[in-house]
1. Going by the conditions given, is Leu38 surrounded by 14 or more Cβ atoms within 10 Å (Cβ to Cβ), assigned to a helix (DSSP H, G or I) and within 10 Å of the chain's Cα centre (by Cα)?
2. For region 18-30, state whether one or more residues are modelled with pLDDT under 90, of a type in the set (Ser, Thr, Tyr) and not in a helix (DSSP H, G or I).
3. In region 43-56, is there at least one residue being modelled with pLDDT of 95 or more and under 13 Å from the mean Cα position of the chain (by Cα)?
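The values are calculated or read from the model by the stated rules, or taken from the named source; none is laboratory data. Bear in mind that the values here come from a model prediction, so they are computed numbers and not experimental data. With ideal geometry, Cβ positions are generated from the backbone for all residues, glycine too; neighbour counts draw on all protein chains shown.
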Amino acid sequence: MPYKINFFARPIDSDYRLNWESLLIELSLAVICTTMALYGWDKGMLLMAYPAGFVALMCYGLVIYTLVSFIRSRLQK
């Protein structure tokens with residue numbers, strides 16, 4: 001009886017993220033949105049500059065919140 005080999009990859013849990021991974025994703029999005037907002041502002045495309053700037057501010061806020069939460073959890077231990 002031949003041995004049966006499974007050639008398909010098993011699915012991974014994509015909802016699992018480490019704290020540093022989410023911090024890196026949020027920071028990357030903030031940098032990209034800041035670049036888009038600055039480009040839109042320089043070219044006079046306010047329809048692109050304002051939403052991208054708003055999203056960038058929210059991303060920076062999430063990064064700061066994540067860092068403050070990390071520091072508070074370390075101080076409580």
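1. No; evaluated as a whole, the condition is false for this residue.
2. No, every residue in region 18-30 fails to be modelled with pLDDT under 90, of a type in the set (Ser, Thr, Tyr) and not in a helix (DSSP H, G or I).
3. Yes; the residues of region 43-56 include at least one that is modelled with pLDDT of 95 or more and under 13 Å from the mean Cα position of the chain (by Cα).
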